[in-house]
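Chemist: Mind looking over this structure? Questions follow.
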Amino acid sequence: MGEVLKKEAYGLAVKDESGVISPFHFSRRETGENDVRFKVLFCGICHTDLSMAINEWGFTSYPLVPGHEIVGVVTEVGAKVTKFNAGDKVGVGYMVSSCGSCETCTDDQENYCPKMILTSGGKYYDDTITYGGYSDHMVCEEDYIIRIPENLPLDATAPLLCAGTTVYSPMKYHGLDKPGMHIGVVGLGGLGHVAVKFAKAMGIKVTVISTSDRKRDEALTRLGADLFLVSRDPEQMKDAMGTMDGIIDTVSATHPVLPILDLLKYKGKLIMVGAPDKPLELPVLPLIFGKKMVVGSMVGGIKETQEMMDLAGKHNITADIELISADYVNTAMERLQKADVRYRFVIDVANTLKPSP
């Protein structure tokens, strides 16, 4: 690619496995002919950011500038860019590039491309490490930029770039988006609460499945779920056996799968979108006798993500957020470890991230 010119940038980075986030000066490439540069206004904090910060999965490269729920306003476009102009509201999610020619890419599933490049902590074509959205500006290839509907507020829209597409993609792919279907949502957190919102927008019956009654009113009254099920209540679980076409499991902690499988109808699908750090025990007999499936799913491809965002614009779907300042990020990470957030932290980057000397 030859020499890559750089522009100074400023952000927040994790320097080592301590997970502590601190100010960081770095460089981003100049705007290439196919690139879009935008000023970052807000960035969501995803549980993946925490996992990467503390190297929970064993492949983090430091320094790490986290953040893949990034929204802002375009400031510059390359000479060959045709989809965006200065002033457009845009976002970047989990990835910033892929090979574009493999089976997954040609199937609009770039997120599964073996050469997919992560927005944060990946290796770009010039062998530099990619830096995420806890920063003042972003540059990305045009084809990996998402257009944000004008009616949506940017701060509460940011989490949709990960949480939204993570639950939307499996609903669409597995045919669980048809009116009248019945799905379960395990866990009412950052992923779960937007799963309820999208499901209701699709005309789907939704049961929230939780370990306690604590979020019952929240799920039923405010989010509009149809039913609430306490997974530790044997009678409730028994009454709900065989009633659901599919279940979106958003829980990132180790938990029993058998009770959830029993809720599925014949040919029902349990879709795992949470990422527990320890293996789950998978009972086989319920799968055999019910022709049931357990599948995994991650964020959607670019086409799916734009479809999700357009649907959010049509139905005014946003995430429920707690807006924080840049100097609160370490505290937010500590709270996130304790699941003490309702339901997504979002950093007010433009107003609170100030370069240090």
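The values are calculated or read from the model by the stated rules, or taken from the named source; none is laboratory data. If you're wondering where the values come from, they're calculated on a predicted model, not measured in any experiment. Here Cβ is always computed from backbone atoms with ideal geometry, including for glycine, and neighbour counts include all displayed protein chains. Surface accessibility is based on the protein's heavy atoms, side chains included, excluding ligands, DNA and RNA. Shrake-Rupley method; radii C 1.70, N 1.55, O 1.52, S 1.80 Å.
Chemist: Go through the residues of region 215-227 one by one and say whether even a single one is assigned by the TED database to the domain that holds Ala275, open to solvent by less than 10 Å² (accessible area, probe 1.4 Å) and not in a loop (DSSP other than H, G, I, E, B).
Modeler: Taking every residue of region 215-227 in turn, at least one turns out to be assigned by the TED database to the domain that holds Ala275, open to solvent by less than 10 Å² (accessible area, probe 1.4 Å) and not in a loop (DSSP other than H, G, I, E, B).
Chemist: What about Val139, is it of a type outside the set (Gly, Ala, Ser), surrounded by 19 or more Cβ atoms within 10 Å (Cβ to Cβ) and touching a helix residue (DSSP H, G or I) at 6+ places or on another chain (Cβ under 7 Å)?
Modeler: So Val139 does not fit the description; no.
Chemist: Which of the residues belonging to region 186-209 are open to solvent by 10 Å² or more (accessible area, probe 1.4 Å) and in a loop (DSSP other than H, G, I, E, B)?
Modeler: Selection gives Gly187, Gly189, Met202, Gly203.
Chemist: Look through region 233-255, keep the residues that are part of a helix (DSSP H, G or I) and out of contact with any strand residue (DSSP E or B) (no Cβ under 6 Å at 6 or more places or on another chain), and return whichever of them is surrounded by the most Cβ atoms within 10 Å (Cβ to Cβ).
Modeler: Met237
Chemist: Right, here's the next one. Looking at Gly87, Gly67, Gly58 in this structure, which one is closer than 25 Å to Val251 by Cα and exposed (fewer than 13 other Cβ atoms within 10 Å of the Cβ)?
Modeler: Among Gly87, Gly67, Gly58, only Gly58 is closer than 25 Å to Val251 by Cα and exposed (fewer than 13 other Cβ atoms within 10 Å of the Cβ).
Chemist: Does Glu150 fit the bill of being in a loop (DSSP other than H, G, I, E, B), open to solvent by 10 Å² or more (accessible area, probe 1.4 Å) and either without any contact (Cβ under 8 Å) to a residue 12 or more places away in the chain or of a type outside the set (A, V, I, L, M) (or both)?
Modeler: So Glu150 passes the test.
Chemist: Here's something else I'd like to know. Out of Ser61, Ser27, Ser101, I need the residue that is outside the structural domain of Gly189 (by the TED database), within 19 Å of Tyr125 (Cβ to Cβ) and modelled with pLDDT of 95 or more. Which one?
Modeler: Ser101
Results for (1) of a type outside the set (Gly, Ala, Ser); (2) in contact (Cβ under 8 Å) with a residue 24 or more places away in the chain; (3) touching a Leu at 6+ places or on another chain (Cβ under 8 Å), shown as yes or no for each residue.
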position	(1), (2), (3)
Gly122	no, yes, no
Ile146	yes, yes, yes
Asp155	yes, yes, yes
Pro159	yes, yes, no
Gly189	no, yes, no
His193	yes, yes, yes
Lys197	yes, yes, yes
Lys238	yes, no, no
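Chemist: Can I ask one more? Would you confirm whether or not region 207-216 contains a residue that is out of contact with any helix residue (DSSP H, G or I) (no Cβ under 7 Å at 6 or more places or on another chain), modelled with pLDDT under 95 and hydroxyl-bearing (Ser, Thr, Tyr)?
Modeler: Yes, because at least one residue in region 207-216 is out of contact with any helix residue (DSSP H, G or I) (no Cβ under 7 Å at 6 or more places or on another chain), modelled with pLDDT under 95 and hydroxyl-bearing (Ser, Thr, Tyr).
Conditions tested, residue by residue: (1) closer than 28 Å to Ile321 by Cβ; (2) in the same structural domain as Val167 (by the TED database); (3) of a type in the set (S, T, N, Q).
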residue: Cys43; (1), (2), (3): yes, no, no
residue: Ala86; (1), (2), (3): yes, no, no
residue: Asn111; (1), (2), (3): yes, no, yes
residue: Lys115; (1), (2), (3): no, no, no
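Chemist: Search region 155-183 for residues being open to solvent by 20 Å² or more (accessible area, probe 1.4 Å) and part of a helix (DSSP H, G or I), and hand back the single one that is modelled with the highest pLDDT.
Modeler: Asp155
Chemist: Filter region 256-280 down to the residues that are in a helix (DSSP H, G or I) and open to solvent by 30 Å² or more (accessible area, probe 1.4 Å) and list them by number.
Modeler: Scanning region 256-280 gives Leu258, Pro259.
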